[in-house]
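The values are calculated or read from the model by the stated rules, or taken from the named source; none is laboratory data. Just so you know, these numbers come straight off a predicted model, no measurement behind them. Cβ sites come from the backbone with ideal geometry, for glycine too, and all protein chains shown count toward neighbours. Please note that ligands, DNA and RNA were not included when accessible areas were found on the heavy atoms of the full protein model with its side chains. Shrake-Rupley method; radii C 1.70, N 1.55, O 1.52, S 1.80 Å.
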Amino acid sequence: MFSWKKHARFEVVVDQGGHSSIDGIFEDDRQATARATYLLSLAKYSRVQVLQVGKHTQTVIFERASQSAGTEVVGITAIEEAHFCADVLDIYGFPSRMTLLRLTRRHVDRQVSIPSETLHDWIALRTIEREGMLLNSGITRLAKIQSKNVASLVPERERELGALWMRLKQLAQTSDTLAPYGKVLVQSGVSALRERIADTCAPAEHDRVMSYAFGRFLEGHRDWGAKTRSLLGILEDTYSDPDWIAVTDQFLTETIDGRDPIKVLIGYAPDLGSALLATLNGRLDDRLPFTPVLMDLSNALARWHLPEVEAALLHRIRAGLDGHHPLSRDGARCEAIAFHRIAAGLASFSGFRGGPELSVALTRRAKTALRFGESDLPFETAVQQLCGSLNGSGAQIGFLLDLAETDMGRQKGVFLFGSLSRIFSHLRSARDLAPAHVPIDDVRRELGGRLRRAGIPRDLADQLMYKIASLPADAPRALLR
């Protein structure tokens, strides 16, 4: 007897953005269900179904919805690096918090809550857990990245991360025991908190206690501008203590390192890249219509050394250069002007600030921002334009060496090495390479290291190093960052 059930097919149907589509058709229900489960783990679809389709009927045999109707699916953000945690207390450290921040960026933006706040809140952790795909996809992604550098398999690392998650929730349930530290920070300031932690906490607990205190301090501020302003106020209470300036630098970085926080801080600005650079350099013009909190951040960078904040701003500038949005709000005719302002603001005696990654981003954007007509500039022309925007041979050499360290530069090695040789041939003094106070031995050591990292052929590297050694030593300069 013929059976339609026996000969039915199984369709995997996905919903995305209010539209349904068939992902695949299978002869076996187990294969279809396995495919549906995998699609759910991608955090891309609001709903996934498996339909058993007969001659005149269809039956839903599997259905999962990632979010309630009408809400956006919130999944993980792609990351390529992740700090390795061996113990649950490692999660509270700055490198781990930044990993979680970038991995869960969409969730952070929706909640307006950074990891320092979330890690100590059991209800917030349960919210992440209930979303399912955010937690499971995050654990899988972290396991894949972290298993590259250690001798463990991905499933084993997933189990370890799952155990760390359970332990993290247990600690969050007992976080009320840390409440006195949060009160000390709010009521008495950083100095009093420093004394309390030194007197009562074991060193291994410092990161947990510190992140709790700052998290409770920030949770009362429900927008990015208010959070940033409150942390800038804490800087005033550090009394120029470098250790506590460094701590506040980390929490400030955790707060502003994202597209949504930067958009809030920038407000209206005709040239977003130049605004960030002016902030980074501590030279924001108070005559222009920038937000008060951005002015305060610019003044803080001019007053204190905040390396993590500087790195976060450079990261956002690089993301803007790598994106497709215009650099200027004044139209395409101002694109080249805005690009030249950004390049000039990033220029330094060793190339462009931000190292190889930002040099690549500048080169990619130069191909479109500086083009004539509809055709992008060739790589070689873009590099020549950027070299022309740098003052001095040392900066040009630094830029070319940064490019040579990247995948883009390795594909254009012949051009880059030829350009380096031409620049070196015109050097007449070590004064062309870096500030005069740098010893000549540092010139040779640092430049030699950069030549090796750039993958320059041995013979050419030896020739360039001989050129460095033969330069007059009375005005030494080095390509140091």
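When Gly392, Gly373, Gly355, Gly398 are screened for being on the phi > 0 side of the Ramachandran plot and under 27 Å from the mean Cα position of the chain (by Cα), only Gly355 passes. Within the stretch 212-267, if we keep just the residues that are over 20 Å from the mean Cα position of the chain (by Cα) and basic (Lys, Arg), the residue that is nearest to Arg303 (Cα to Cα) turns out to be Arg229.
Applying the selection to the stretch 348-374, what residues are buried (at least 19 other Cβ atoms within 10 Å of the Cβ) and in a strand (DSSP E or B)? Residues satisfying the conditions are Gly351, Phe352.
Of all residues in the stretch 391-405, which are part of a helix (DSSP H, G or I) and either open to solvent by less than 10 Å² (accessible area, probe 1.4 Å) or closer than 19 Å to His340 by Cβ (or both)? Once the filter is applied, which keeps residues that are part of a helix (DSSP H, G or I) and either open to solvent by less than 10 Å² (accessible area, probe 1.4 Å) or closer than 19 Å to His340 by Cβ (or both), the stretch 391-405 yields Gly394, Ala395, Gln396, Ile397, Gly398, Phe399, Leu400, Leu401, Asp402, Leu403, Ala404. Number of residues in the stretch 193-224 that are open to solvent by 30 Å² or more (accessible area, probe 1.4 Å) and without any contact (Cβ under 8 Å) to a residue 40 or more places away in the chain: the value is 11. Restricting attention to the stretch 266-292, the residues that are modelled with pLDDT of 80 or more and either among the small types (Gly, Ala, Ser) or buried (at least 22 other Cβ atoms within 10 Å of the Cβ) (or both) add up to 0. In the stretch 21-39, of all residues being open to solvent by 40 Å² or more (accessible area, probe 1.4 Å) and of a type in the set (A, V, I, L, M, F, W, C), the one that is nearest to Gly75 (Cα to Cα) corresponds to Ala34. If you filter the stretch 86-109 down to residues that are at pLDDT 95 or above and of a type in the set (Ser, Thr, Tyr), you find that the one that is nearest to the chain's Cα centre (by Cα) is Thr99. On the given criteria, is Ala179 touching a residue at least 24 places away in the same chain (Cβ under 8 Å), of a type outside the set (Ser, Thr, Tyr), surrounded by fewer than 17 Cβ atoms within 10 Å (Cβ to Cβ) and within 21 Å of Ser113 (Cα to Cα)? The answer is yes for Ala179. I'm trying to understand the selection: among the residues of the stretch 371-390, which are within 16 Å of Ile342 (Cβ to Cβ) and not hydrophobic (A, V, I, L, M, F, W, C)? Once the filter is applied, which keeps residues that are within 16 Å of Ile342 (Cβ to Cβ) and not hydrophobic (A, V, I, L, M, F, W, C), the stretch 371-390 yields Gln385, Gly388, Ser389.
Ala143 meets the conditions (1) within 19 Å of Thr255 (Cα to Cα); (2) of a type outside the set (S, T, N, Q); (3) without any contact (Cβ under 8 Å) to a residue 24 or more places away in the chain in every case but one. The failed one is (1). Screening His324 with (1) part of a helix (DSSP H, G or I); (2) of a type outside the set (Val, Ile, Thr); (3) open to solvent by 30 Å² or more (accessible area, probe 1.4 Å); (4) at pLDDT below 85 gives one miss only, at (1). Looking across the stretch 138-176 at every residue that is over 25 Å from Arg64 (Cα atoms) and among the polar types (S, T, N, Q), the one that is surrounded by the most Cβ atoms within 10 Å (Cβ to Cβ) is identified as Gln146. Residues that are open to solvent by less than 20 Å² (accessible area, probe 1.4 Å) and not hydroxyl-bearing (Ser, Thr, Tyr) number at least 3 in the following helices (runs of 4 or more DSSP H) confined to the stretch 94-137: 94-103. In the stretch 40-54, the qualifying residues are those that are surrounded by fewer than 18 Cβ atoms within 10 Å (Cβ to Cβ) and hydrophobic (A, V, I, L, M, F, W, C), and the one that is farthest from Thr104 (Cα to Cα) is Val53.
Scanning the stretch 293-328 for residues that are more than 19 Å from the chain's Cα centre (by Cα), touching a residue at least 24 places away in the same chain (Cβ under 8 Å) and within 21 Å of Arg364 (Cβ to Cβ) yields Leu327, Ser328.
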